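None of the figures in this text is laboratory data; all of them are computed from the coordinates on show. Nothing here was measured: the structure is a model prediction, and the numbers come from that model. FYI the Cβ positions are ideal-geometry reconstructions off the backbone, even for glycines, and counts take in every protein chain you see.
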Amino acid sequence: MLESAVIWWTFFKISINERLIYRADFMLGTLMRFLPTLTQIFLWWAIYDVISNNEPNNTGAEPDGNIAGYKYGDMVAYYLLVIISRAFSSMPGLTGGIANQIRNGEVKKFLIQPVDMQGCLLMQRIAHKLVYYLIATLPFALVFFLCRDFFIEGWPPPDALAVFFASLILSFLLGFYLECCIGLIGFWFLEVTSLTFIYMLMNFLLSGHMFPLELLPAEPFNIRQLVEYLPFKYLAYFPAAVFLGKIEGPELYRGLLAEIGWVVFFIVLSRILWHRGIKRYSGYGG
Amino acid sequence: MAWAGMNWGLFKIIYRHTGEIGLDSGWHEHEFFIFLGTIWIINSLIQTLFMANAAEFSELIRTGNLDFALLKPIDTQFLISFPRINWSQLPNGILGVMLIAHSLSELMQEREIYFSVFSLPAFLFFIGCGAVVMYSVMICLASTSIWFGRNQNLYNFWFYITNFYRYPMEIYQRSGVGMALWGTFTFVVPILVVSNIPARILAQPLGTPWKSWEWGLAAYAIIGSIWSLMASRWVFKRALKSYRSASS
């Protein structure tokens, strides 16, 4: 037990140092992340402008129309919050990394050494994410401070806030194990790039990364209902919607439970895939 | 290609809720999809011709292999800009052409669109200007990896910068910050102009004939593309001066 803790701690430290090598690259990347939101703000402003003007009791100053229950402020706040959820749930390079290790035979080291692959990768990710939050807190705080007026309702009630934070941490785990599973499919397919691509696409569309899920149309077929049964919405939409008070009362906890369910599901699935996979594995390459 | 499809889907959904983007700007659904198609064409041109090369350039710097390129008796910028063509990005452009053709035919049923023998050549010419400007931006971005040691974010940077040129310029002209952005991306880095002008030629969001400021903008697009090409050349040379070979 202690031994494996030491091993994991070592992986953790290595990963932190690794992350700090190219600092300029990293800092710029963090700041640039907010640029798309800036254009989103303008785009939605232009849209709400039109909608508000079509309404008879328009006051003129601030656009006050609403789309699927979102006012202009809500919409911008939603996009800002999605950046936070994505900061937790996105795992760049995880799937490809696992599949690569399987293909070029690097995965052998996990068969020989007394180290668990998922555990080691998880430590790496946690380290990367922690470094990221450490550096990114300042720009995040700045941006949210500048944009505080978009949060019409102000802070959510404490229980929603608690669910918000819990769902963020769960979204990290969900993102990690989901992508792990896709990467482990590499034991059977060797090449998972196209799979990753499909996943990325689904994620972008169905997680609410692109727009609030309420905007999805209910016909010709009911996508809106469909996403409720998929794990994707917990990667971006759910935390943001909780914060904005779009999900309330018992729904909050039902959502959280479902998210826990998904996390457990993907943890179990990734273990099964791993054990089945190494039985199939034949160690090509050096 | 799938990204393009999703982009299209996003705006299909948006236009379910609104008739126009930007009050009285004339960017209704069909006009906007012409705009979108134009963006796809420019993007696919850039990605087909320069994207892989720029990424390669960044890698050459990191590994120190740029030495070989510098030694060759040919202009370095030329050498690193064109060695490879990434055909897989071309379909997006074709999709763009199709989207434009479709939207244009829909639009013609709705209202009168002015066409002359010059429309198409002018459209293509300004698409070319657009490609030149975007190429310049990319060279500048890639050159930064000489100073940073590595520029893993090249693709991200590209994505973020192109974010600003993907929408009609009207959406920025509303507030102080917006005007600042509009000014920056019109006069400093003229990416807004080069996407807006060709789209305006076909879509004519404000009806025909063009307003005089639109003519001015078109003239400016030409100056802007020359200016950005010169600027990128300067940045490239500047960056090469600070190049210290690595690990040789």
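Brief remarks on what is shown
- Exposure proxy order (Cβ contacts within 10 Å, fewest to most) of B:182, B:234: B:234, B:182
- Here the Karplus curve 6.51 cos²θ - 1.76 cosθ + 1.60, taken at θ = phi - 60°, turns the phi angles of region B:184-190 into couplings of 4, 8, 9, 9, 8, 10, x Hz, with x standing for Gly and Pro.
- Alpha-carbon radius of gyration plus Dmax, which is the widest Cα pair, for region A:2-280 in Å: 20.7, 72
- Of the GluC sites (Glu not before Pro) found in region B:67-154, those that fall in a DSSP loop while having at most 11 other beta-carbon atoms within 10 Å are B:112.
- Axis of helix B:191-203 versus longest Cα principal axis of chain B: the two differ by about 30°, to the nearest ten degrees.
- Nearest-20 debye value, chain A charge dipole, Cβ charges on Lys, Arg, Asp, Glu: 1360 debye
- Mean Kyte hydropathy of 1.0 or more with a Cα span along the axis of at least 18 Å, helices from DSSP in chain A: A:72-89, A:117-146, A:158-184, A:193-206
- Counting other Cβ atoms within 10 Å as a rough exposure proxy, the listed residues B:200, A:280, B:16, B:174 run A:280, B:16, B:174, B:200 from fewest neighbours to most.
- Degrees, to the nearest 10: B:154-165 long Cα axis against longest axis of chain B: 30 degrees
- Taking other Cβ atoms within 10 Å as a rough exposure proxy, A:48, B:160 sort from fewest to most as B:160, A:48.
- Most mobile of A:236, A:162, A:99 in a GNM of chain A (Cα contacts under 10 Å): A:162
- Candidates A:70, A:234, A:79, ranked by Gaussian network fluctuation over chain A, Cα under 10 Å, top entry: A:70
- Positive-end extreme of charge dipole, chain A - chosen from A:112, A:97, A:87 (charges on Cβ): A:112
- Table column - 3J(HN,Hα) (Hz), region B:51-59, Karplus curve with 6.51, -1.76, 1.60, x for Gly and Pro: 4, 4, 5, 5, 5, 4, 4, 4, 5
- Restricting region B:27-134 to trypsin sites (Lys or Arg not before Pro) in coil, as DSSP defines it, with at most 14 other Cβ within 10 Å: B:84, B:111
- Rh by Kirkwood over Cα pairs, then Stokes-Einstein D for region B:2-241 at 1.002 mPa s and 20 °C, µm²/s: 114 µm²/s
- For the protein assembly as shown: lysine pairs under 28 Å (alpha-carbon distance), excluding those fewer than 8 apart on one chain: 17
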